[in-house]
Amino acid sequence: MKPAEFFMRDRTLHPPAFDPGYKTSVARSPRLPLLTIQQTASEITGPTFGHGDFGALDNDLTMNFNHGGMPVGERMVLHGRVLDENGRPVPKTLVEIWQANASGRYRHKKDVYLGALDPNFGGCGRTLTDENGYYVFRTIKPGPYPWLNYVNSWRPRHIHVSVFGSSFSQRLITQLYFEGDPLIPLCPIVKTIPDPEAVQRLIAVMDLNASVPMDCLAYRFDIVLRGRRSTLFENRLEGN
Amino acid sequence: MAQTLNYLKESASQTAGPYVHIGLAPGAAGFKTFDQELGQVIAADGVPGERIRIEGLVLDGLGAPVKDVLLEVWQADANGIYPHPEDPRSSEVASGFRGWGRIITDFDTGLWSFETIRPGATPGRAGKVQAPHISFWLVSRGINIGLHTRMYFPQDSTQHAADPVLNSVEHAVRRQTMIATQTGPTTYRFNIRLQGDGETVFIDV
């Protein structure tokens, strides 16, 4: 197969740059239209990663900041697949996550929330998907926390997810939420997403079959990246 | 009823938030978890090419530096080859060249910088040539979906005149927003303006 473009990104599924309900976006949002280009080698390629980049505990957030004990909170497996819009698995791609601890506090020098830091929880993990696009982490369920958008705004429990895909044009950062959280429909950041079904696709579901008896529950979260054309009639990117 | 197309839909973007460093650069957040952080070396020592340093600010609509932004860059080597299996010349890419970097700011000033080698020209579509450039991707609190742009080099003006992407910018004056300023023999300045006067051209890749 000759290199072909990725599908046009459906911007109606994504938040617009400017959403006054999320106040920080107001001064940080471009106002001029994005430049439309046809993809070149610069867009259909992207960084690759190998197992040599990782340590054995990188995907276990209950252990990768161990300072003599276990972190406090609800232990959980987070797992799922990275797929493209054609439904094909995205193998060997880097998935990175970060999150608050069970108190809703981030281990970051700029976070001053009074929720307690956990001496045994860092809050970041990373892994490569396998040949079927499957990934798995072990972590603890993050807590909700307040933030000053409006005076009484609260973030629902969430985990940040960063994914690469096979090209720089597939690069995506999103957040996953948890089924049944009453804060989801109230959140100004969730509400930047204009399509209600697109919000539902960011909500992880409890997956009892994948839980570990007497150890931890599991949540399932699939991630979809842009798909790619593979027609026989190609507008070739390379050469003539 | 017509047949249905069973495509999946891309997951919606959400802001990387103020604590993006925890996940992508935990050292900057103030702690160590991983033996090695990713994206710190774009071109290892010994990779052929001209060593350069690029610095800049990301500025918001009021002209204030975005101090919590995180940038990623992607570029070809000095011969214009991407280290990726779909570059037809990838078997010839310089050893030790990863082409990808992750860049964080000084939290007090918002200034960022990185070192790399100057990329070569790369093949464009239909036999055209793209002037040397580095692809940028920015995320931060308040940015709802990552922003793509490109940085070109000021000394390549002849190649800029033939670059398909630069030339597709309708208002010629805006092309300058994608061209860095040279500040020394091997140093460049590239400020990115999110909004307002001189708003950078961002690309729907």
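The values are calculated or read from the model by the stated rules, or taken from the named source; none is laboratory data. From a predicted model like this one, the values you see are computed outputs, not experimental measurements. So basically every Cβ, Gly included, is an ideal-geometry build from the backbone, and we count neighbours across all protein chains shown. The protein model used for the area step is the full one, side chains on, heavy atoms only, and it has no ligands, DNA or RNA in it. Shrake-Rupley method; radii C 1.70, N 1.55, O 1.52, S 1.80 Å.
Values computed for the structure shown
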item	result
Residue identified as under 20 Å from the mean Cα position of the chain (by Cα), farther than 25 Å from residue A:111 by Cα, surrounded by 17 or more Cβ atoms within 10 Å (Cβ to Cβ) and touching a residue at least 60 places away in the same chain (Cβ under 8 Å) among B:20, B:58, B:66, B:73	B:73
Residue that is of a type in the set (D, E, K, R) and touching a Gly at 6+ places or on another chain (Cβ under 6 Å), where the choices are B:125, B:175, B:141	B:141
Meets criteria (buried (at least 19 other Cβ atoms within 10 Å of the Cβ), within 12 Å of another protein chain (Cβ to nearest Cβ), of a type in the set (Phe, Trp, Tyr) and within 13 Å of the chain's Cα centre (by Cα)) for residue A:164	yes
Residue in segment B:35-50 that is on the phi > 0 side of the Ramachandran plot, under 22 Å from the mean Cα position of the chain (by Cα), assigned to a loop (DSSP other than H, G, I, E, B) and within 13 Å of chain A (Cβ to nearest Cβ) present	yes
Those residues of segment A:188-223 which are buried (at least 22 other Cβ atoms within 10 Å of the Cβ) and at the interface with chain B (Cβ under 10 Å from one of its Cβ atoms), in sequence order	A:189, A:190, A:192, A:193, A:221, A:223
Within segment B:163-204, tally of residues that are in a loop (DSSP other than H, G, I, E, B) and in contact (Cβ under 8 Å) with a residue 60 or more places away in the chain	7
Set A:60, A:84: member being out of contact with any Pro (no Cβ under 9 Å at 6 or more places or on another chain), surrounded by 15 or more Cβ atoms within 10 Å (Cβ to Cβ) and closer than 29 Å to residue B:93 by Cβ	A:84
Check on residue B:64, over 28 Å from residue B:164 (Cα atoms), facing chain A (nearest Cβ under 9 Å) and of a type outside the set (Val, Ile, Thr)	yes
Flag for residue B:153 being at pLDDT 95 or above and in contact with a Ser or Thr (Cβ under 8 Å, 6 or more places away or on another chain)	no
Selection count where residues are outside any loop (DSSP other than H, G, I, E, B) and out of contact with any helix residue (DSSP H, G or I) (no Cβ under 7 Å at 6 or more places or on another chain), scope segment A:155-172	7
Lone unmet requirement of (1) hydrophobic (A, V, I, L, M, F, W, C); (2) within 12 Å of another protein chain (Cβ to nearest Cβ); (3) over 26 Å from residue A:52 (Cβ atoms); (4) surrounded by fewer than 23 Cβ atoms within 10 Å (Cβ to Cβ) for residue A:100	(4)
Qualifying residue in segment A:66-78 (condition: touching a residue at least 40 places away in the same chain (Cβ under 8 Å), open to solvent by less than 20 Å² (accessible area, probe 1.4 Å) and within 7 Å of chain B (Cβ to nearest Cβ))	no
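Yes or no, residue by residue, for (1) under 14 Å from the mean Cα position of the chain (by Cα); (2) in a strand (DSSP E or B); (3) away from chain B (no Cβ under 11 Å); (4) closer than 19 Å to residue A:220 by Cα:
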{"residue": "A:114", "(1), (2), (3), (4)": "no, no, yes, no"}
{"residue": "A:121", "(1), (2), (3), (4)": "no, no, no, no"}
{"residue": "A:125", "(1), (2), (3), (4)": "yes, yes, no, yes"}
{"residue": "A:177", "(1), (2), (3), (4)": "yes, yes, no, yes"}
